[in-house]
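Colleague: Starting off with a structure, shown below.
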Ligand SMILES: [Zn+2]
């Protein structure tokens, strides 16, 4: 599909600077859901990559309407078998300020999402005991240790999904009590779909707000003071996750993962009822 170009790693990343700096070429990848136009290919520090410019097709929609299956199918059709998601997330822990950066270790599904399953393909639940590829995550952690800002490893991402709103104070207090780090709306079902498609998957995230900032903003509104936006510039935040990705690619060590491709709960022997009973 990509004229002999086989990406080693696919990355979901909105970084205009990276696309320009490394002269990546825009391509269209076809899928059963229609073409994906926001794909860029080329080499970043000798690594053949596919960059997918975010998760939205042409316009922004609520997360429940994002076609995650289409993006994953584009990655699969490109020939890449490793995928990194980059995320802009909400903060949970009052001790972690906006702009904090994380490498993901685990996730909690706090939403009610589902995906359309093609009934011509036999069904199985994804094995998600360890949702992220340990080899890919290890390389991301190594890259993040070279940053000039702190990066929290082993982060737990709560996937709060499907409502067009962000979290209430009570929800954040609960998540914090549970020891979860960050909350967002896109890491799952992306992670589940990556697993169902035998991709190695890992993630880095940057926190765009924090509970203290959100609270202060509302207090200021109440006291009629001029409310200053509590979110750090999204571009400055994204620069941090992009920096980790570029370091990761600079140091990238090619590997074959025997684990993610085999982590499957497929039951090939499923029958509606035993064959003998047909008689
Ligand atoms: Zn893997």
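Colleague: Being assigned to a loop (DSSP other than H, G, I, E, B), within 21 Å of the chain's Cα centre (by Cα) and under 26 Å from residue 52 (Cα atoms), is that true of even one residue in region 240-250?
Modeller: Checked region 240-250: no residue is assigned to a loop (DSSP other than H, G, I, E, B), within 21 Å of the chain's Cα centre (by Cα) and under 26 Å from residue 52 (Cα atoms).
Colleague: Which pairs do you get when a residue that is under 14 Å from residue 204 (Cβ atoms), found in region 116-140, comes within reach of a residue that is away from the ligand (no atom under 11 Å from the Cβ) and assigned to a loop (DSSP other than H, G, I, E, B), reach meaning Cβ atoms under 6 angstrom, with the pair 6+ apart or on two chains?
Modeller: none
Colleague: Follow-up. What residue, among those in region 96-113 that are surrounded by 23 or more Cβ atoms within 10 Å (Cβ to Cβ) and out of contact with any helix residue (DSSP H, G or I) (no Cβ under 8 Å at 6 or more places or on another chain), is farthest from residue 34 (Cα to Cα)?
Modeller: 100
Colleague: While we're on this one: Only one of 170, 194, 202 is farther than 24 Å from residue 61 by Cβ and surrounded by 14 or more Cβ atoms within 10 Å (Cβ to Cβ); which? Walk me through how you get there before you give the answer.
Modeller: On the way: 170 fails: surrounded by 14 or more Cβ atoms within 10 Å (Cβ to Cβ); 194 fails: farther than 24 Å from residue 61 by Cβ.
None of the others qualify; the one that does is 202.
Colleague: Within region 166-178, identify whether any single residue is within 26 Å of residue 149 (Cα to Cα), in contact with a helix residue (DSSP H, G or I) (Cβ under 6 Å, 6 or more places away or on another chain) and at pLDDT below 95, and answer yes or no.
Modeller: No, there is no match, as no residue in region 166-178 is within 26 Å of residue 149 (Cα to Cα), in contact with a helix residue (DSSP H, G or I) (Cβ under 6 Å, 6 or more places away or on another chain) and at pLDDT below 95.
Colleague: Checking residue 258 against (1) assigned to a helix (DSSP H, G or I); (2) more than 21 Å from residue 85 (Cβ to Cβ); (3) out of contact with any helix residue (DSSP H, G or I) (no Cβ under 8 Å at 6 or more places or on another chain), only one condition comes out false. Which one?
Modeller: (1)
Colleague: Name the residues in region 79-95 that are surrounded by 19 or more Cβ atoms within 10 Å (Cβ to Cβ) and in contact with a helix residue (DSSP H, G or I) (Cβ under 9 Å, 6 or more places away or on another chain), would you?
Modeller: 81, 82, 83, 84, 85, 86, 87, 89, 90, 91, 92
Colleague: Of all the residues that make up region 169-224, how many are away from the ligand (no atom under 16 Å from the Cβ) and assigned to a helix (DSSP H, G or I)?
Modeller: 24
Colleague: Just one of (1) surrounded by 13 or more Cβ atoms within 10 Å (Cβ to Cβ); (2) touching a residue at least 60 places away in the same chain (Cβ under 8 Å); (3) closer than 21 Å to residue 259 by Cβ trips up residue 161, so point out which.
Modeller: (3)
Colleague: Please specify each residue of region 99-149 satisfying the condition of being away from the ligand (no atom under 14 Å from the Cβ), in a loop (DSSP other than H, G, I, E, B) and closer than 30 Å to residue 212 by Cβ.
Modeller: Those that are away from the ligand (no atom under 14 Å from the Cβ), in a loop (DSSP other than H, G, I, E, B) and closer than 30 Å to residue 212 by Cβ: 99, 100, 110, 111, 112, 113, 145, 146, 147, 148, 149.
Yes or no, residue by residue, for (1) touching a helix residue (DSSP H, G or I) at 6+ places or on another chain (Cβ under 6 Å); (2) farther than 30 Å from residue 121 by Cα; (3) not in a loop (DSSP other than H, G, I, E, B):
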position: 34; (1), (2), (3): no, no, no
position: 38; (1), (2), (3): no, no, yes
position: 50; (1), (2), (3): yes, no, yes
position: 56; (1), (2), (3): no, no, no
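Colleague: Kindly evaluate residue 93 against the criterion of being more than 16 Å from the ligand (Cβ to nearest atom), closer than 25 Å to residue 38 by Cβ and either modelled with pLDDT under 90 or assigned to a loop (DSSP other than H, G, I, E, B) (or both). Please lay out each step first, then the result.
Modeller: Numbers: more than 16 Å from the ligand (Cβ to nearest atom): yes; closer than 25 Å to residue 38 by Cβ: no; either modelled with pLDDT under 90 or assigned to a loop (DSSP other than H, G, I, E, B) (or both): yes.
Against the criterion (more than 16 Å from the ligand (Cβ to nearest atom), closer than 25 Å to residue 38 by Cβ and either modelled with pLDDT under 90 or assigned to a loop (DSSP other than H, G, I, E, B) (or both)), residue 93 does not qualify.
The values are calculated or read from the model by the stated rules, or taken from the named source; none is laboratory data. Here the structure is a predicted model, which is why all the values come from computation and not from measurement. Positions of Cβ are backbone-derived with ideal geometry, glycine not excepted, and every protein chain shown enters the neighbour counts.
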